[in-house]
1. Mind listing whichever residues of region 3-36 are within 10 Å of the chain's Cα centre (by Cα), exposed (fewer than 10 other Cβ atoms within 10 Å of the Cβ) and not charged (D, E, K, R)?
2. Does region 6-33 hold any residues that are among the polar types (S, T, N, Q) and in a loop (DSSP other than H, G, I, E, B), and which are they?
3. Is one or more of the residues making up region 44-56 at pLDDT below 70, basic (K, R) and not in a loop (DSSP other than H, G, I, E, B)?
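The values are calculated or read from the model by the stated rules, or taken from the named source; none is laboratory data. Given the structure is predicted, the values throughout are model-derived calculations rather than measurements. Glycine also receives a Cβ, built like all others from the backbone with ideal geometry; neighbour counts cover every protein chain displayed.
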Amino acid sequence: MNEAETRQPTRRPRILFLADRNILANQAFIDFSAFPADALVRIDPEAIAKKGKVARILAKHC
C-alpha cells in the first residue's frame, strides 16, 4: 500500500465559544484572531429569535 491509502482522513478541530455578553464575544474574537477570517462565525441572536433555530445562512462570518 502506498502512503495515500494508509493515511487516516484528517479532521479539522473545532472550538465552540459561547458568550452571553457582547464584550465577552468581542474578546473571544480578539483572542482567536490568529485563525483565518472564514473560520470565525458569529451567530446573530435576533436571527435565532425570529427563526427559533440556527441555520447556516444566519451565521455571519466576521
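1. I15, L16
2. First, the residues of region 6-33 that are among the polar types (S, T, N, Q): 6, 8, 10, 22, 26-27, 33.
Listed by number, the residues that qualify are Q8, T10, S33.
3. Checked region 44-56: at least one residue is at pLDDT below 70, basic (K, R) and not in a loop (DSSP other than H, G, I, E, B).
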